[in-house]
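One structure below.
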Ligand SMILES: [Mn+2]
């Protein structure tokens, strides 16, 4: 599992309920469908999780690449390291994208914005690489909220995330080579 999000979504209860938009990743690991030590999160920032939730995440063997680490090490280095874990004893990778991983300046249309996020270009680059290089079996894009959007900025980004993903999956299955620095006119 590779999960892009400003938030960990590993809460135990949300307003007393097991199922809420802050708890799905905990339920997923609790259910046994995904191993905690093959669960990677990228882009976390802000003032949550609390200590008890962080301790639970640590006990599961989860790996969270917080936004500060991505900024200082660079997205490419973090993805390279992530790919080794994601392909270790795993047949397939699920990609989950919460659009609020992107900075609210580039993705304002979401319910729980958190400043200091990725650029839209960084997210598209990451999604493209993941779907080109890993055996992706499913994706989702969540938390796009049209009432909060402006000029469809966020809706267009979410659309492009899906287009990048399905295009990269098709490219991977075709067996064609790909270089990120190859020019369109040279193909
Ligand atoms: Mn979120």
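The values are calculated or read from the model by the stated rules, or taken from the named source; none is laboratory data. Given the structure is predicted, the values throughout are model-derived calculations rather than measurements. Cβ: placed from backbone, ideal geometry, glycine included. Neighbour counts: every protein chain shown.
I'd like to check something: does segment 141-156 contain any residue that is over 14 Å from residue 5 (Cα atoms), within 15 Å of the ligand (Cβ to nearest atom) and surrounded by 20 or more Cβ atoms within 10 Å (Cβ to Cβ)? Checked segment 141-156: at least one residue is over 14 Å from residue 5 (Cα atoms), within 15 Å of the ligand (Cβ to nearest atom) and surrounded by 20 or more Cβ atoms within 10 Å (Cβ to Cβ).
Contact annotation: residue pairs with Cβ atoms under 6 Å, 6 or more positions apart or on different chains, pairing a residue in segment 1-23 that is farther than 19 Å from residue 39 by Cα with a partner that is in a strand (DSSP E or B) and within 16 Å of the ligand (Cβ to nearest atom), are 20/14. The set of residues from segment 157-183 being over 30 Å from residue 89 (Cα atoms), away from the ligand (no atom under 16 Å from the Cβ) and either assigned to a loop (DSSP other than H, G, I, E, B) or touching a helix residue (DSSP H, G or I) at 6+ places or on another chain (Cβ under 9 Å) (or both) comprises 160, 181, 182, 183.
Once segment 38-61 is narrowed to residues that are surrounded by 14 or more Cβ atoms within 10 Å (Cβ to Cβ) and away from the ligand (no atom under 16 Å from the Cβ), the residue that is farthest from residue 79 (Cα to Cα) is 56. The sole residue among 145, 177, 167 that is free of Cβ contacts under 8 Å to residues at least 60 places away in the same chain and under 12 Å from residue 109 (Cβ atoms) is 145.
Taking the condition within 17 Å of residue 41 (Cα to Cα), outside any helix (DSSP H, G or I) and either within 16 Å of the ligand (Cβ to nearest atom) or in contact (Cβ under 8 Å) with a residue 12 or more places away in the chain (or both), does residue 127 pass? Give the derivation first.
Working: within 17 Å of residue 41 (Cα to Cα): yes; outside any helix (DSSP H, G or I): no; either within 16 Å of the ligand (Cβ to nearest atom) or in contact (Cβ under 8 Å) with a residue 12 or more places away in the chain (or both): yes.
Answer is no for this residue.
Picking from residues in segment 130-156 that are assigned to a helix (DSSP H, G or I) and under 24 Å from residue 24 (Cα atoms), the one that is nearest to the chain's Cα centre (by Cα) is 130. Only one of the numbered conditions (1) surrounded by fewer than 21 Cβ atoms within 10 Å (Cβ to Cβ); (2) within 22 Å of residue 81 (Cα to Cα); (3) within 12 Å of the ligand (Cβ to nearest atom) is not met by residue 21, and that is (2). Whenever a residue of segment 81-93 is closer than 18 Å to residue 140 by Cβ, its partners that are assigned to a helix (DSSP H, G or I) and modelled with pLDDT under 95, lying with C-beta atoms within less than 7 angstrom and at least six residues away or across chains, give the pairs 93/86.
Conditions tested, residue by residue: (1) at pLDDT 95 or above; (2) within 15 Å of residue 98 (Cβ to Cβ).
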site: 143; (1), (2): yes, yes
site: 148; (1), (2): yes, yes
site: 153; (1), (2): yes, no
site: 156; (1), (2): yes, no
site: 159; (1), (2): yes, no
site: 180; (1), (2): no, no
site: 183; (1), (2): no, no
site: 187; (1), (2): no, no
